[in-house]
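These notes concern the structure reproduced below.
Please treat every number below as a calculation from the coordinates, not as lab data. Owing to the predicted nature of the structure, the values given are computational and were not obtained by experimental measurement. Glycine gets a Cβ as well: all are built from the backbone with ideal geometry, and neighbour counts include every protein chain shown.
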Amino acid sequence: MAVYVRKNGVMVDKATGSPMLTDADRAKPIAVPFVMSDIPEYRSPIDGRLIGSRTQRRDDLKRNGCVEYEPSISPTKGKIRNKAFAAKRSLKVSEEYL
């Protein structure tokens, strides 16, 4: 079984140096693994607890009955329609709500 290492941003066979390929499409290199770094520590705006990891963030949201912001669940799909809200925060009202 081949052992793969990352060289110059590409996963290659350690012994031969050839790029890692998928079985389905031998012409294109396979996607490399993606490692997401953790989030910086912050105080929860909900209850003031210190949040220092993505797991703690998920737990904080669940514990307080909140969800991650997702524009698709917003009735306005993340667009601003309230002129007073926009003015107070130096934002622009979306074109369709003018």
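For a Förster distance of 25 Å, can you work out the FRET efficiency between the beta-carbons of N64 and L98, rounded to the nearest 0.05? Before the final figure, lay out each step's value.
Details: r = 35 Å, r/R0 = 1.41.
Efficiency for this residue pair is about 0.10.
What does the charge dipole of the stretch 42-97 about its Cα centre add up to, to the nearest 20 debye, if the Cβ of each Lys and Arg holds +1 and the Cβ of each Asp and Glu holds -1? Intermediate values should be presented prior to the final figure.
On the way: 14 positive and 7 negative charges, 33 e Å.
Computed charge dipole of the stretch 42-97: roughly 160 debye.
Within the chain, count lysine pairs with alpha carbon atoms under 26 angstrom apart where the residues are 8 or more positions apart or belong to different chains. So the count works out to 9. Taking Cα centre as origin and charging only the Cβ of basic (Lys, Arg, +1) and acidic (Asp, Glu, -1) residues, the dipole magnitude of the chain rounds to 380 debye. In the chain, helical runs assigned H by DSSP with n ≥ 4 each contribute -39500 (n - 2.57); averaged across all residues and rounded to the nearest 500, the mean residue ellipticity at 222 nm is -4500 deg cm²/dmol.
Taking DSSP loops as anything outside H, G, I, E and B, show the longest stretch in the chain free of chymotrypsin sites (Phe, Trp or Tyr not before Pro) there with at most 16 other beta carbons within 10 Å.
35-68
Axis angle, to the nearest 10 degrees, between helix 54-63 and the longest C-alpha principal axis of the chain: 40 degrees.
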